[in-house]
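Engineer: Structure provided below as structure tokens; questions to follow.
The values are calculated or read from the model by the stated rules, or taken from the named source; none is laboratory data. The structure presented is a predicted model; accordingly, all values stated were derived computationally and were not measured. Positions of Cβ are backbone-derived with ideal geometry, glycine not excepted, and every protein chain shown enters the neighbour counts. The protein model used for the area step is the full one, side chains on, heavy atoms only, and it has no ligands, DNA or RNA in it. Shrake-Rupley method; radii C 1.70, N 1.55, O 1.52, S 1.80 Å.
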Amino acid sequence: MSSKPLLTLQELAAQNILRNEALAISALQYLPELFLPQLLKQAYDGNHLKVLRAIVSSWPFPRLPLGALKKRTPYLETQLQVALEEVDKLLIQEVHPREYKLEVLDLRSVGQNYLNVWPGTMDDWLPKTTQTDPCCSKTVMTQPLKVVVDLQLNNRGQSRLFSYLVQWSDRRKGLLQLYCNKLQIWSPSQQNYRKLSQKVNLDYVETLGLHYSCSPSFLLNFAPYLRQMRNLRKLALSNIREEHIISPEKRRCIITRFTLQILKLESLQKLHLDAVCFLEGHLDQLLGSVKTSLDELSVTHCNLSVSEWSHFSEFPCVSQLQQLNLENVRLTGLSPEPLQVLLVKAGPTLVALDLEDCHLEDGQLYAILPALSKCFKLTKFSFYGNQISMLAMKDLLHHTASLIHLRLELYPVPQDSYDYHGTPLMQRMQQHCDELMNLLKTIRNPGRVFFGTDRCDQCCNRYIYNKTIMCNCRRSY
């Protein structure tokens, strides 16, 4: 029996129409407008290039969501190129028919839908357009076409799509304007972001990611461009390290210049810092430069000094967090007080808490339990990779009795389930996990609950009780 979903009536109708391309093209003017998005999708997917050209050239909606149709690939697909050629022909026409309404050409592939042909919340970040004179039977182009794209740049050069768009905007100066909502740059270099700033209106970038750099001086060079991103809501830095040792004075200068630009980001809501070795020792300076109340803070795979950790809860930006992620920040030996204070501050708003692989011990857990038990909105709690005894685990579960919104709970297998070498003992682990699960069911109605071992020293895999298979490194024990 086939599991293939049945086609909708619109899909069946489009399929029948596309069997005869000449007939399909001649029938376009008689088809209901609301049927065109479905026909566009199937013409694109089926590589019906002539029909695709005809649909785009007579597109009657304000938005053309081509990104929802293209495959997630750096290559410029033939279908996309054909569609862009037709849009270009429309651009160079001095006067357009009355039914012409195109304002936004959306090339974003993630989170888009081919049915989004009317302005909506997905365009709220763009400048408003007014271009129709109701007294005229023709539409005169008074504002450039907004071409929206999410960009991913790396040190091997620009993506073919971005290169095409840059050349297109050069050919049609004043007729189109490139807008980028999400910008991800790998191995940043002066060349790729200078070209970007010349062609894309950086005022409208809301998400910025800077990844994998062995030359932290790029932070210094990038500062002027960051200053232009006045509407930036999410900033992510990952794998920023130094290949060659630099002096403390130069390091301090680079970080200070960079954080001065963060001071000016008045819309910042999410800050993600992952494996930012270069910033270690100065993370408190970076967090101190954030003047907005963050919704999300993620500091992962970092080593925090005693000084950095002691100031962690003091910054105004952490007082209204909805998501806090400290995965792989080793807290062994550090005072639990900053985390306790942080949970008290953010408790009324906190929805997701990730303390995975923080290597917390019983004493630290007991210190934060009162604050944790008052995070009433919590829906996700990740606590894998902490060295907690069976007794402390039971106390932890009792303290979650009031957390009735929890839907995903990830707990460590109790330390009592390991031998002296740190190897999990299957029978003992089964006994402990079953006991904890039964206890939790008597306390409240749990959502999805999992118990995981510490990561294997050899392969770094984590065994999840009753869900995954033990790795070969540990299976012989």
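Engineer: Looking at this structure, is residue 394 touching a strand residue (DSSP E or B) at 6+ places or on another chain (Cβ under 8 Å), within 21 Å of residue 450 (Cβ to Cβ) and open to solvent by 50 Å² or more (accessible area, probe 1.4 Å)?
Structural biologist: Answer is no for this residue.
Engineer: Condition check: among the acidic types (Asp, Glu) and touching a strand residue (DSSP E or B) at 6+ places or on another chain (Cβ under 8 Å). Does residue 454 satisfy that?
Structural biologist: yes
Engineer: Also, quick follow-up: Name, by its number, the condition in (1) touching a helix residue (DSSP H, G or I) at 6+ places or on another chain (Cβ under 9 Å); (2) open to solvent by 50 Å² or more (accessible area, probe 1.4 Å); (3) over 20 Å from residue 281 (Cα atoms) that does not hold for residue 241.
Structural biologist: Failing condition for residue 241: (3).
Engineer: Which numbered condition in (1) at pLDDT below 95; (2) in a loop (DSSP other than H, G, I, E, B) is the only one that residue 327 fails?
Structural biologist: (1)
Engineer: All but one of (1) open to solvent by 40 Å² or more (accessible area, probe 1.4 Å); (2) in contact with an Asp or Glu (Cβ under 8 Å, 6 or more places away or on another chain); (3) part of a strand (DSSP E or B) hold for residue 152, so report the exception by its number.
Structural biologist: (2)
Engineer: Residue by residue through segment 310-346, note down the ones that are open to solvent by less than 60 Å² (accessible area, probe 1.4 Å), under 12 Å from residue 293 (Cα atoms) and without any contact (Cβ under 8 Å) to a residue 40 or more places away in the chain.
Structural biologist: Result: 315, 318, 319, 321, 346.
Engineer: Inspect segment 436-454 for any residue being in a loop (DSSP other than H, G, I, E, B) and closer than 22 Å to residue 330 by Cα and give the result as yes or no.
Structural biologist: yes
Engineer: Also, quick follow-up: When residues of segment 289-309 are filtered for being in a helix (DSSP H, G or I) and open to solvent by less than 50 Å² (accessible area, probe 1.4 Å), how many remain?
Structural biologist: 2
Engineer: Let me ask something additional. Which number in (1) open to solvent by 50 Å² or more (accessible area, probe 1.4 Å); (2) within 25 Å of residue 123 (Cα to Cα); (3) assigned to a strand (DSSP E or B); (4) not aliphatic (A, V, I, L, M) marks the one condition that residue 230 misses?
Structural biologist: Looking at each condition in turn, residue 230 falls short on (3).
Engineer: Okay, moving on. Restricting segment 31-65 to residues that are of a type in the set (Gly, Ala, Ser) and outside any helix (DSSP H, G or I), which is nearest to the chain's Cα centre (by Cα)?
Structural biologist: 46
Engineer: Can you tell me which of (1) closer than 22 Å to residue 328 by Cβ; (2) at pLDDT below 95 is the one residue 408 doesn't meet?
Structural biologist: (2)
Engineer: Among the residues of segment 379-388, write down those that are open to solvent by 10 Å² or more (accessible area, probe 1.4 Å), over 19 Å from residue 322 (Cα atoms) and assigned to a loop (DSSP other than H, G, I, E, B).
Structural biologist: 384 - this is the single residue of segment 379-388 that is open to solvent by 10 Å² or more (accessible area, probe 1.4 Å), over 19 Å from residue 322 (Cα atoms) and assigned to a loop (DSSP other than H, G, I, E, B).
Engineer: Looking at (1) part of a helix (DSSP H, G or I); (2) within 24 Å of residue 281 (Cα to Cα); (3) open to solvent by 20 Å² or more (accessible area, probe 1.4 Å), find the lone condition where residue 194 falls short.
Structural biologist: (2)
Engineer: Do we find a residue being more than 23 Å from the chain's Cα centre (by Cα) and small (Gly, Ala, Ser) anywhere in segment 277-292?
Structural biologist: Yes, segment 277-292 has at least one match.
Engineer: Checking the condition without any contact (Cβ under 8 Å) to a residue 60 or more places away in the chain and over 33 Å from the mean Cα position of the chain (by Cα), which residue from 435, 409 passes?
Structural biologist: 435
Engineer: Just need a number here: residues in segment 348-367 that are under 29 Å from the mean Cα position of the chain (by Cα) and not in a loop (DSSP other than H, G, I, E, B).
Structural biologist: 3
Engineer: Has segment 247-255 got any residue that is on the phi > 0 side of the Ramachandran plot and either assigned to a strand (DSSP E or B) or hydrophobic (A, V, I, L, M, F, W, C) (or both)?
Structural biologist: No.
Engineer: Residue 376 passes all but one of (1) outside any helix (DSSP H, G or I); (2) free of Cβ contacts under 8 Å to residues at least 24 places away in the same chain; which number fails?
Structural biologist: Of everything listed in (1) outside any helix (DSSP H, G or I); (2) free of Cβ contacts under 8 Å to residues at least 24 places away in the same chain, residue 376 misses just condition (2).
Engineer: Moving to a separate point now. I need the full set of residues from segment 451-470 which are on the phi < 0 side of the Ramachandran plot and out of contact with any Phe, Trp or Tyr (no Cβ under 7 Å at 6 or more places or on another chain), in order please.
Structural biologist: 454, 455, 456, 457, 458, 459, 461, 463, 468, 469
Engineer: Of the residues in segment 104-115, how many are in contact with a Lys or Arg (Cβ under 6 Å, 6 or more places away or on another chain) and assigned to a loop (DSSP other than H, G, I, E, B)?
Structural biologist: 2
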